[in-house]
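Have a look at the structure below before the remarks.
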Amino acid sequence: MKRHMALKTCPVRNMTEINKALTYRFQGIEHYFCSHQCRQRFIEYPHLFVGDPQHGFSAKQKGEELIKSRKLNLSVQITDEIKSRLKQDVGLLMGVESLSFKEQVIFISYDLLQVSLEDIESAVVKSAGNLDGAITNKIKRGFIRYSEDCELDNLSHLTKKHGAH
């Protein structure tokens with residue numbers, strides 16, 4: 001019988017405090033995660049977090065971070081109550097580095113390997129309501145989400161020479 005290795009460290013955040021109910025088997029190895037967000041991120045882009053003998057280490061195994069800074073315009077003024085909810089809900093997302101506010105604008109910095117703009121937007125809408133509905137802002141956010149998806153997809157396809165293509 002083939003013996004499967006079990007990793008007891010979250011491959012997304014390198015945390016040893018894992019939830020044993022959150023597992024995912026990839027290439028015969030059972031991976032454990034510290035959160036649903038990490039598990040989902042791993043399922044979407046496993047090669048960001050695990051390399052292979054043929055291509056070497058992944059971006060995360062090399063210690064890489066992809067820090068992004070964005071600003072999101074809300075359709076409402078950011079009150080103290082909304083700030084509090086945003087700090088709680090967006091702050092729960094793994095990979096959020098910083099969060100600040102000015103009038104109707106949220107300034108956010110995050111590690112794309114752990115969280116995407118799409119994840120952040122969902123948390124913002126849940127906490128504060130709608131983002132600015134101007135067509136230019138919708139197009140810009142759509143373009144950023146597409147660019148992030150392409151960047152992650154590129155990094156998750158390992159090649160022998162550079163680790164990603």
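Annotations for the structure displayed:
- Test for Val115: is it under 25 Å from His157 (Cβ atoms) and either of a type in the set (A, V, I, L, M) or without any contact (Cβ under 8 Å) to a residue 60 or more places away in the chain (or both): yes
- Some residue of segment 24-32 being crowded, with 16+ Cβ neighbours inside 10 Å, more than 20 Å from the chain's Cα centre (by Cα) and aliphatic (A, V, I, L, M): no
- When we screen Asp80, Asp149 for residues that are surrounded by fewer than 17 Cβ atoms within 10 Å (Cβ to Cβ) and either under 13 Å from the mean Cα position of the chain (by Cα) or in the same structural domain as Gln37 (by TED's automatic domain parsing) (or both), the only hit is Asp149.
- Tally, over segment 23-48, of residues that are among the β-branched types (Val, Ile, Thr) and more than 15 Å from Lys8 (Cβ to Cβ): 1
- Condition met for Ile43 (more than 24 Å from Phe143 (Cβ to Cβ) and at pLDDT 90 or above): yes
- Any pair with Cβ under 7 angstrom, 6 or more apart, that starts in segment 65-80 at a residue that is over 21 Å from Gly142 (Cβ atoms) and ends at one that is modelled with pLDDT of 90 or more and assigned to a strand (DSSP E or B): Glu65/Asp111; Ile67/Glu97; Ile67/Ser109; Ile67/Asp111; Ile78/Phe101
- Leu113 vs. criteria of a type outside the set (Ser, Thr, Tyr) and not in a helix (DSSP H, G or I): yes
- Which numbered condition Arg39 fails, given (1) closer than 23 Å to Asp149 by Cα; (2) in a helix (DSSP H, G or I); (3) more than 20 Å from the chain's Cα centre (by Cα): (3)
- The residues of segment 1-10 that are modelled with pLDDT under 90, part of a loop (DSSP other than H, G, I, E, B) and not hydroxyl-bearing (Ser, Thr, Tyr), listed by number, are Met1, Lys2, Arg3, His4, Met5, Lys8.
- Any hit, segment 13-22, residues being outside any loop (DSSP other than H, G, I, E, B), charged (D, E, K, R) and at pLDDT 90 or above: no
- Counting only residues that are under 13 Å from Ser127 (Cα atoms), without any contact (Cβ under 8 Å) to a residue 12 or more places away in the chain and in contact with a strand residue (DSSP E or B) (Cβ under 8 Å, 6 or more places away or on another chain), segment 81-112 holds 1 of them.
- Yes/no for Ile120 being within 28 Å of His157 (Cβ to Cβ) and not assigned by TED's automatic domain parsing to the domain that holds Met15: yes
- Positions within segment 87-110 being crowded, with 17+ Cβ neighbours inside 10 Å and part of a helix (DSSP H, G or I), in sequence order: Asp89, Val90
- Within segment 135-163, residues that are part of a helix (DSSP H, G or I) have Cβ atoms under 6 Å from residues that are of a type in the set (D, E, K, R) and at pLDDT 90 or above in these pairs: Arg145/Glu118, counting only partners at least 6 apart in sequence or on another chain.
The values are calculated or read from the model by the stated rules, or taken from the named source; none is laboratory data. Since we're looking at a predicted model, the values are computed, not measured. Using ideal geometry, Cβ is built from the backbone for each residue, glycine included, and neighbour counts are taken over all protein chains shown.
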